[in-house]
Amino acid sequence: MIGVLALQGGFIEHINALRKLGVPSFEIRQKADLINKDIKGLIFPGGESTVIGKLLCELELFDPLDRLIKSGIPVFGTCAGLILLAKKIVNDDSVYFEAIDIAAKRNAFGRQLGSFHTTGDFADLKNVEMTFIRAPYIEQAASDVKVLSKINEHIVAAMQRNVLVTAFHPELTNDLRVHEFFIKNL
Ligand code: GLN
């Protein structure tokens, strides 16, 4: 089963996307939710990374999730989820899981272009639907990070080892191919 972090933000949309692909999932709201589960992967949704980060600590979910990520199970973070997984946040002093060797910039597309919809290439996939909402982009990526997608010269999707991140929200579109890409790695 895939555990979807359900503290704040757009977790329901991920659960729905997984359901459409026939993949069972469960919501992670507290430590007890992690007990006695066959956890095959994790999804960290969009939302407000500062709020989710604070709740992760308050609910003592940070350490058990950190251990799961380090155990090598596939993890997928979208938008705020990308920020939570990044090794560095260029315009914020906080860091969270430091699970992928990228420097992320929060709210990077600016006020005017805060939210927009476009299509772009993702890995070998063409014309993938991409919804950006006050999204970050990846300002720097280490040489062993695989860049999967760029929009306006900015990296918006990447993968390193077991960690996949997108700055956009594939779960807010009908295009299930990015989730499919993630579950193929399970
Ligand atoms: N701007 C949010 C943050 O910095 C991310 C927005 C999103 O997840 N849609 O956490």
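The values are calculated or read from the model by the stated rules, or taken from the named source; none is laboratory data. Note that the coordinates shown come from a computational prediction; the quantities given were computed from them, not determined experimentally. All Cβ positions, glycine included, derive from the backbone under ideal geometry; neighbour counts span all protein chains shown. Side chains included, ligands, DNA and RNA excluded: accessible areas come from the protein's heavy atoms. Shrake-Rupley method; radii C 1.70, N 1.55, O 1.52, S 1.80 Å.
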Next on the checklist: If I ask for residues that are within 10 Å of the ligand (Cβ to nearest atom) and open to solvent by 40 Å² or more (accessible area, probe 1.4 Å), which ones from segment 82-91 would you list?
Outcome noted: Asn91
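Kindly provide the set of residues from segment 138-186 that are in a strand (DSSP E or B) and among the acidic types (Asp, Glu), ordered by number. Step through it out loud before you land on a result.
Applying the first criterion (in a strand (DSSP E or B)) to segment 138-186 yields 138-141, 146-151, 154-160, 163-166.
Listed by number, the list holds a single entry, Glu139.
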Item to check | Index of the failed condition, Phe109 passing every other in (1) open to solvent by 40 Å² or more (accessible area, probe 1.4 Å); (2) in contact with a Phe, Trp or Tyr (Cβ under 9 Å, 6 or more places away or on another chain); (3) in a loop (DSSP other than H, G, I, E, B) | outcome: (1)
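Evaluate the following for Ala135: is it within 16 Å of the ligand (Cβ to nearest atom) and part of a loop (DSSP other than H, G, I, E, B)? Working first, answer last.
Numbers: within 16 Å of the ligand (Cβ to nearest atom): yes; part of a loop (DSSP other than H, G, I, E, B): yes.
So Ala135 fits the description; yes.
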Checklist entry - Out of all the residues in segment 121-142, which are of a type in the set (D, E, K, R) and crowded, with 20+ Cβ neighbours inside 10 Å? => result none
Next on the checklist: For segment 96-132, which positions are within 25 Å of Leu65 (Cα to Cα), more than 13 Å from the ligand (Cβ to nearest atom) and in contact with a strand residue (DSSP E or B) (Cβ under 6 Å, 6 or more places away or on another chain)?
Outcome noted: Glu98, Ala99, Ile100, Asp101, Ile102, Ala103
Item to check | Listing of helices (runs of 4 or more DSSP H) fully contained in segment 1-81 that carry 3 or more residues being away from the ligand (no atom under 16 Å from the Cβ), open to solvent by less than 60 Å² (accessible area, probe 1.4 Å) and in contact (Cβ under 8 Å) with a residue 24 or more places away in the chain | outcome: 62-70
